[in-house]
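The values are calculated or read from the model by the stated rules, or taken from the named source; none is laboratory data. It should be emphasised that the depicted structure is a prediction, and the values quoted were computed from it without experimental measurement. Here the Cβ is made from the backbone with ideal geometry for all residues, glycine too, and neighbour counts use every protein chain on show.
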Amino acid sequence: MGLMKRLDQEFESDCVALDVLDFHSGEWIKTVRAATGTTLVELARKLGISQPAVTKLEAAENEGKITIAKLEQVAAALDCTLVYGLVPTESFEAIARSRGVEFPIRRG
C-alpha cells in the first residue's frame with residue numbers, strides 16, 4: 001500500500017472526531033482550564049507567572065500569537081499533552097493528484 005493511502009487510512013481511523021472540533025476557536029487554554037476546574041490563579045501558580053500573564057496567554061492563543069513551546073508548558077500545567085498537527089481538507093492522495101504528482105510516491 002502506498003504512503004498516501006496509509007496516511008489517508010490513519011487519518012480516517014484515528015481522527016474521526018476532528019470534524020466536530022473547532023480548531024480555530026483560539027480558546028483551547030480557557031476551555032481546558034474550565035473543563036478541568038482549574039482557575040486562573042491555579043494555572044498561574046503552576047506556570048510560575050501572574051494571573052494577568054495567564055490572561056495574556058489566553059489572549060495570545062486567541063490571536064494566533066502563542067508559541068508551540070508555550071502551549072506545551074500550559075498543556076503540562078493542565079495535565080494535558082499538546083497535540084500539534086496538520087489536518088488535510090481532503091485525502092492526501094487527492095491533494096497530491098491535484099498537484100500533478102504521479103504514484104507511487106517514494107519517500108526520501
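For the stretch 54-105, filtered to residues that are of a type in the set (Lys, Arg) and outside any loop (DSSP other than H, G, I, E, B), the residue that is nearest to the chain's Cα centre (by Cα) is LYS70. In the stretch 42-58, the residues that are farther than 13 Å from LYS70 by Cβ never reach a residue that is at pLDDT below 95 with C-beta atoms less than 7 angstrom apart, at least six apart or across chains. Considering only the stretch 10-23, I want to know if a residue exists there that is at pLDDT below 60, of a type in the set (Phe, Trp, Tyr) and either in a loop (DSSP other than H, G, I, E, B) or surrounded by 12 or more Cβ atoms within 10 Å (Cβ to Cβ) (or both). Checked the stretch 10-23: at least one residue is at pLDDT below 60, of a type in the set (Phe, Trp, Tyr) and either in a loop (DSSP other than H, G, I, E, B) or surrounded by 12 or more Cβ atoms within 10 Å (Cβ to Cβ) (or both).
Does GLY26 satisfy being crowded, with 16+ Cβ neighbours inside 10 Å, at pLDDT 65 or above and assigned to a loop (DSSP other than H, G, I, E, B)? Yes. Scanning the stretch 82-108 for residues that are under 17 Å from GLY26 (Cα atoms) and either hydrophobic (A, V, I, L, M, F, W, C) or at pLDDT 85 or above (or both) yields LEU82, VAL83, TYR84, LEU86, VAL87.
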